[in-house]
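The values are calculated or read from the model by the stated rules, or taken from the named source; none is laboratory data. None of the values given here were measured: they were computed from a predicted structure. In this analysis, Cβ positions are derived from the backbone assuming ideal geometry, glycine residues included, and neighbour counts consider all displayed protein chains.
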Amino acid sequence: MTIKLAHTDQVQDLFNKAAGLDNEQGNPRMKQLILRIINDAAKIIEDLEVTQDEFWKGVDYLNRMGAGSEAGLLIPGLGLEHYFDLLLDAQDAAEGHTGGTPRTIEGPLYVAGAPMSEGEARMDDGTDAGTVMFLQGRILDTDGTPVAGAVVDIWHANTNGTYSYFDSTQSEFNLRRRIVTDAEGRYRVRSIVPSGYGCPPEGTTQEVLTQLGRHGQRPAHVHFFVSAPGHRHLTTQINLAGDKFLWDDFAYATRDGLVGDIRFIDDAAAAKDRGIEGPFAELDFDFQLQKAAAPDAEQRSNRPRVLQD
């Protein structure tokens, strides 16, 4: 027999007090959010007949997830980060903001303060034997006009699928750079072809995905922040064509218009012209920025990040 108590005056009075509605102190927005969370949690417990064992196992999971700093990994894995992209897309459409390169998830591995270069940069420190990659493109507005002086913030994994700062074996800011576009809106970087990667197999995110019958793999990809005065900030990434997980990304980040057609070249003369030896890869990708209707649209979100600017 299912007992329903959440809607009763006694329980509602309890939850209102727990959310601080019986005092004038604190933050009204926080009170609103906490009250909704408590009520929704109680409704879940009653509707799905959650047992005490299940409830406290969930509490233990939250403790372990926090200790492993995996909340930022679980959120995209459950589709919530992509949901925000879909919600923002719908808001943009309702407000008449159209065109430009699609947004997609930021992920949890951005680190602020990467070295800044004018026009071009080398991203790798030379210690990874991966295939050299030349990545270049232009930053344009929605009319196709080049955007000079845009800041292109790029970061990606190494051939082991790990990121500097989070991987102590890599040098500081390895595979992380900011490039200011030239007069033609161009950016150019030399790097290495990144690898896709999976959630830590013994981590709390993979623990949940396994219970859901899902894998935790991502395709090879390159992250971007693109910003310029008078233009809307763009958070996006390009996933590399040909990867087996291209359209099966556990984080749901692959979108039409964000697939990079990487070209692998095995030509000694072409390599010599590039100042290297052996096979290499080329990837061209242009980005289009919408005009900013207000100054705050030029800024990225204020989500907590490592080494904030």
Task: Residue within segment 285-301 that is of a type outside the set (Val, Ile, Thr), out of contact with any Ser or Thr (no Cβ under 9 Å at 6 or more places or on another chain), more than 19 Å from Thr131 (Cβ to Cβ) and assigned to a strand (DSSP E or B) present - done: no
TODO: Take Ala19 and decide whether it is touching a helix residue (DSSP H, G or I) at 6+ places or on another chain (Cβ under 7 Å) and either basic (Lys, Arg) or free of Cβ contacts under 8 Å to residues at least 60 places away in the same chain (or both).
DONE: yes
Task: Candidates Pro229, Pro200, filtered to the one that is under 30 Å from Ala294 (Cβ atoms), in the same structural domain as Gly144 (by TED's automatic domain parsing), part of a loop (DSSP other than H, G, I, E, B) and at pLDDT 95 or above - done: Pro229
Open item on the list: I'd like to know if segment 142-151 contains one or more residues that are surrounded by 18 or more Cβ atoms within 10 Å (Cβ to Cβ) and in a strand (DSSP E or B).
Closed with: no
Open item on the list: Between Phe264, Phe280, Phe285, which is surrounded by 15 or more Cβ atoms within 10 Å (Cβ to Cβ) and either at pLDDT below 95 or more than 21 Å from the chain's Cα centre (by Cα) (or both)?
Closed with: Phe280
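Can you confirm whether His97 is modelled with pLDDT of 95 or more and not small (Gly, Ala, Ser)?
It is false that His97 is modelled with pLDDT of 95 or more and not small (Gly, Ala, Ser).
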- [ ] Please work out which residue is nearest to the chain's Cα centre (by Cα), limiting yourself to segment 178-197 and to residues that are assigned to a strand (DSSP E or B) and closer than 29 Å to Asp248 by Cβ.
- [x] Tyr197
Open item on the list: Any residue that is of a type in the set (S, T, N, Q), more than 13 Å from the chain's Cα centre (by Cα), buried (at least 19 other Cβ atoms within 10 Å of the Cβ) and not in a strand (DSSP E or B) - is there at least one of those in segment 206-221?
Closed with: yes
